[in-house]
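I have placed the structure first, in the form of structure tokens, so that the comments after it can refer back to it.
Each reported figure results from applying straightforward, stated rules to the coordinates on display, with no laboratory input. Fair warning: this is a prediction, and the values are worked out from it, not measured in the lab. As a convention, Cβ positions derive from the backbone with ideal geometry for all residues, glycine included, and neighbour counts pool all protein chains shown.
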Amino acid sequence: MNATPPVQLSETGSDDWLLGFEMARLEHYLSCTLSGIRPPLSIHAAPHGGAGTYVLSSPDSRYIMRRQADATPGSAQMLEREFRIVASLHQRRYPVPQPLLYCDHERPAGAPFYIAAETHGRLFNEPTLPGRSPAERAALYDATNAVLAQLHTIEPHQLGVADLGNGRHYVADQIGQLSLRYRSAGLDEIPEMESLMRWLPRNLPAEPAPRLVHGNFHIGNVVFDPEQPRVIAVLDWRSAALGDPIADAVSHFVAWILGEAEGNSTPLSAVDLTSFGIPSLEAYAATYAARAGLRTLPSFETYFAYSLFRAAVQRGLSGVRKGDGRVARSRAFERVKPIAVLAWAFARRAGAK
């Protein structure tokens, strides 16, 4: 096999340290181990799925490649766990991309990776679903609601993934991790964030039975059938874990307040939902609750305060690195502050003072 120049991808991000593997080595490995794939192969960064996600094309078909995204300890184990979660869900006929191959050594691609079949369907980055009719929007949102509730009704023991832990203290652990991240950013003081970090740990809702949570469920991670309002795949399982299903659902409901994180999309609250055919937050949450076997969603305001606190850190500090200068921290402050104000308003509704 003749050596070829290392693959160079026009992408920046956390997985730059991995770029430069030899395509000929990957072609040889995959053509010997995966039926139906043959060289020449081409690869480029995927528009969905996050860091370490690529589209791999052969003359006959296209695949999705998920590769260890960075060098942090445990990241290879996280990728393997992600593959096993997707494989278990696929076996249960839950809509996910079909997993095909996991490679746990570095030689073929410079790091562990897995291959899944590409899912052909419709993706919407904007939660207002521009260009769709009101009736179609209503049907697409109903299908999204149903597939989230379906996920949260799967019994953990049926997944067959032994190392997910017990799922307890999910929200408490998240608040602790988010607080550390916020503190390390070194922003000017935001009183609402300080109040949330004191109030939330002392006022956590009673934990429901743990379920598999997606961790980043939003309509931009849902692939719909090309013609029908039917979900054919849910993408991006990097943050999947056992945890609090209500927290997972309410984090999805944040789109009604903030829009989606990707692309600075329009909040659903900014449009006339009735004329758009999109359910109100209250109706959508009630439908989810009924499908999940709940009479109502408990501690709704507290969960919303937590979810907005989470969004303040994740969205506001996106791209902020330790040692960033005053300008970068000032911009992060401007992103975090308004979300923190909203989060504290929900906490006040839940009784915070």
Q) Taking the Cα atoms only, what angle lies between the long axis of helix 23-33 and the longest principal axis of the chain, rounded to 10 degrees? A) 90 degrees
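Ranking 151, 123 by Cβ neighbours within 10 Å, fewest first, what do you get? Walk me through the numbers before you get to the answer.
On the way: 151 22, 123 15.
Arranged by neighbour count, lowest to highest, 151, 123 become 123, 151.
Between Rg and the Kirkwood Rh of the range 189-234, both from Cα atoms, what is the Rg to Rh ratio?
Values: Rg = 18.0 Å, Rh = 14.5 Å.
Rg/Rh for the range 189-234 comes to 1.24.
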Q: Would you mind finding the longest exposed-site-free stretch of the chain, with exposed GluC sites (Glu not before Pro) meaning DSSP loop and at most 12 other Cβ atoms within 10 Å?
A: 1-188
Q: Please arrange 272, 188, 248 by counting, for each residue, the other beta carbons lying within 10 Å of its beta carbon, fewest first.
A: 272, 188, 248
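By its C-alpha gyration tensor, with a ≥ b ≥ c as the square roots of the eigenvalues, how is the chain shaped: rounded for a/c under 1.5, else prolate for a/b larger than b/c, else oblate? Kindly include the intermediate steps, with their values, before the conclusion.
On the way: a/c = 1.73, a/b = 1.40, b/c = 1.24.
It comes out prolate by the Cα gyration axes.
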(Q) Is the C-alpha gyration tensor of the range 54-172 telling us rounded, prolate or oblate? Criteria: a/c under 1.5 is rounded; beyond that, a/b larger than b/c is prolate, otherwise oblate. (A) oblate
Q. Once a ≥ b ≥ c are taken as the square roots of the eigenvalues of the Cα gyration tensor of the range 282-351, is the result rounded (a/c under 1.5), prolate (a/b larger than b/c) or oblate (a/b not larger than b/c)?
A. prolate
Q.
Need one number: nm distance between label points at residue 331 and residue 353, each 7 Å from Cα along Cα→Cβ, rounded to one decimal.
A. 4.2 nm
Q | Per-residue Cβ neighbour rank within 10 angstrom, fewest leading, 103, 32 | A | 32, 103
Q. Once both axes come from the Cα atoms, what is the angle between helix 75-91 and the longest principal axis of the chain, in degrees from 0 to 90, rounded to 10?
A. 90 degrees
Q. According to the Kirkwood expression over distinct Cα-Cα pairs, how big is the hydrodynamic radius of the range 16-117, in Å?
A. 13.9 Å
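Mind checking the dipole of the chain: about its Cα centre, +1 per Lys or Arg Cβ, -1 per Asp or Glu Cβ, Debye to the nearest 20?
Values: 35 positive and 35 negative charges, 134 e Å.
Computed about the Cα centre, the dipole is about 640 debye.
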Q | C-alpha center-to-center spacing [the range 331-353, the range 46-79] in angstrom | A | 35 Å
Q) With the chain treated as a Gaussian network of Cα nodes joined by springs under 10 Å, which of 52, 131, 167 yields the largest mean-square fluctuation? A) 131
Q | Percentage relative contact order, the range 238-353, counting C-alpha pairs under 8 Å, at least six apart | A | 24 percent
Q) Taking the alpha-carbon centroid of each part, what is the distance from the range 162-196 to the range 80-137 in angstrom? A) 28 Å
